[in-house]
Amino acid sequence: MKFSTRVALNLVILIGVMAFSAVCLHSVDEIHYLKSFFPEEFTVSEAFDAAAVELVKVIIIGLPIILIIGICLTKLREPKRDS
């Protein structure tokens with residue numbers, strides 16, 4: 001595998017990890033926003049429901065990112081071929 005291909009795969013992995021982190025942090029921030037916007041009405045049960053909805057959103061958005069990261073890591077695991 002050429003050096004530029006390995007660099008590109010590492011860059012894709014880095015961007016993927018950053019994107020997945022951003023999705024997770026946005027989800028946590030959205031729950032915090034709901035709790036601060038509706039302080040009296042936001043019960044424990046509603047917090048659990050909001051967390052479940054956010055988990056589903058993270059899974060839907062994050063699953064393709066995790067799959068791409070996994071594919072890149074598999075490609076990086078292949079031994080280097082000298083030309």
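The values are calculated or read from the model by the stated rules, or taken from the named source; none is laboratory data. Values in this document were obtained by computation on a predicted structure and should not be read as measured data. Note that each Cβ is placed from the backbone with ideal geometry, even for glycine, and that neighbours are counted across all protein chains shown.
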Go over the candidates F48, F42, F20 one by one and state the one that is surrounded by fewer than 11 Cβ atoms within 10 Å (Cβ to Cβ), aromatic (F, W, Y) and either at pLDDT below 85 or part of a helix (DSSP H, G or I) (or both). F48
Please list, ordered by first then second residue, the pairs with beta carbon atoms under 8 Å, 6 or more apart or interchain, first in segment 24-38 and closer than 14 Å to V53 by Cβ, second surrounded by fewer than 10 Cβ atoms within 10 Å (Cβ to Cβ). none
